[in-house]
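*Asks:* Pasting a structure below so you can have a look.
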Amino acid sequence: MVYYKFTKEITSHLIKYVRMVDIRFNPLDRRSTAVREMWRQVSAERFLDSNPKLKIIAKTLPGVAPPSAKIEFVDGSEIDFSGETYDCKEMLDHVFIKAQQLDIEFELEGKNIEELI
């Protein structure tokens, strides 16, 4: 897997393209480490300051339900992750790559993400 390095400045801009983060996990399940870390990272104050409309849902599940994270973007597209398959870095890289594609599309269409926030 190729890892990308996104700076804090860039991720603070790209998070504006994320509408919702829905994380579900059993807190006692060791498989939930990646989604819990993702929850911690997307809840950073700089992201919430950058995108005040960002909705973060974290729901604990009973039993042996697999951990998951669902990301919804401003264009309505979604990415679903299994916490068993991806680690936190991989999930965030996918989110920021998709957000970067949206940023390019907005720029080519003459749209401004600031107007949507």
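*Asks:* Among (1) β-branched (Val, Ile, Thr); (2) surrounded by 16 or more Cβ atoms within 10 Å (Cβ to Cβ); (3) modelled with pLDDT under 95, which single condition is Ile117 missing?
*Replies:* Single failed check for Ile117: (2).
*Asks:* Right, Phe96: in a helix (DSSP H, G or I), open to solvent by less than 70 Å² (accessible area, probe 1.4 Å) and over 26 Å from Pro67 (Cβ atoms) or not?
*Replies:* Numbers: in a helix (DSSP H, G or I): yes; open to solvent by less than 70 Å² (accessible area, probe 1.4 Å): yes; over 26 Å from Pro67 (Cβ atoms): no.
Judged against the criteria, Phe96 is not a match.
*Asks:* Any residue that is hydrophobic (A, V, I, L, M, F, W, C), open to solvent by less than 80 Å² (accessible area, probe 1.4 Å) and under 22 Å from Glu115 (Cβ atoms) - is there at least one of those in the range 53-70?
*Replies:* Filtering the range 53-70 for residues hydrophobic (A, V, I, L, M, F, W, C) gives 54, 56-58, 61, 64-65, 69.
Now narrow it down to the ones that are open to solvent by less than 80 Å² (accessible area, probe 1.4 Å): 54, 56-58, 61, 65, 69.
With under 22 Å from Glu115 (Cβ atoms) added as a condition, the list becomes 54.
Yes, because at least one residue in the range 53-70 is hydrophobic (A, V, I, L, M, F, W, C), open to solvent by less than 80 Å² (accessible area, probe 1.4 Å) and under 22 Å from Glu115 (Cβ atoms).
*Asks:* Scanning for something free of Cβ contacts under 8 Å to residues at least 24 places away in the same chain and charged (D, E, K, R), does the range 55-78 turn up at least one residue?
*Replies:* yes
*Asks:* How many residues are polar (S, T, N, Q) and part of a helix (DSSP H, G or I) when one looks only at the range 99-117?
*Replies:* 2
*Asks:* Another one. If we keep just the residues of the range 1-35 that are part of a helix (DSSP H, G or I) and in contact with a strand residue (DSSP E or B) (Cβ under 6 Å, 6 or more places away or on another chain), which is nearest to Phe96 (Cα to Cα)? Write out each step before concluding.
*Replies:* Applying the first criterion (part of a helix (DSSP H, G or I)) to the range 1-35 yields 8-17, 30-35.
Next cut, in contact with a strand residue (DSSP E or B) (Cβ under 6 Å, 6 or more places away or on another chain) only: 17, 32, 35.
Working: Tyr17: 9, Ser32: 21, Val35: 16 Å.
Going through the qualifying residues, I end up with Tyr17.
*Asks:* When you check Ser82 against the structure, is it polar (S, T, N, Q), modelled with pLDDT under 95 and open to solvent by less than 90 Å² (accessible area, probe 1.4 Å), yes or no? Please lay out each step first, then the result.
*Replies:* On the way: polar (S, T, N, Q): yes; modelled with pLDDT under 95: yes; open to solvent by less than 90 Å² (accessible area, probe 1.4 Å): yes.
So Ser82 fits the description; yes.
*Asks:* Follow-up question, since we're still on this one. List the pairs whose first member sits in the range 80-101 and is over 15 Å from Ile23 (Cα atoms), whose second member is open to solvent by 30 Å² or more (accessible area, probe 1.4 Å) and part of a strand (DSSP E or B), and whose Cβ atoms are under 8 Å apart, counting only residues at least 6 apart or on separate chains?
*Replies:* Once the first residue is over 15 Å from Ile23 (Cα atoms) and sits in the range 80-101, its partners that are open to solvent by 30 Å² or more (accessible area, probe 1.4 Å) and part of a strand (DSSP E or B) give His94/Ile79; Lys98/Ile79.
*Asks:* Would you check which residues across the range 63-89 are farther than 14 Å from Arg30 by Cα and assigned to a loop (DSSP other than H, G, I, E, B) and list them?
*Replies:* Val74, Asp75, Gly76, Ser77
The values are calculated or read from the model by the stated rules, or taken from the named source; none is laboratory data. Owing to the predicted nature of the structure, the values given are computational and were not obtained by experimental measurement. Virtual Cβ from ideal backbone geometry, glycine too; neighbours counted across all protein chains shown. Side chains included, ligands, DNA and RNA excluded: accessible areas come from the protein's heavy atoms. Shrake-Rupley method; radii C 1.70, N 1.55, O 1.52, S 1.80 Å.
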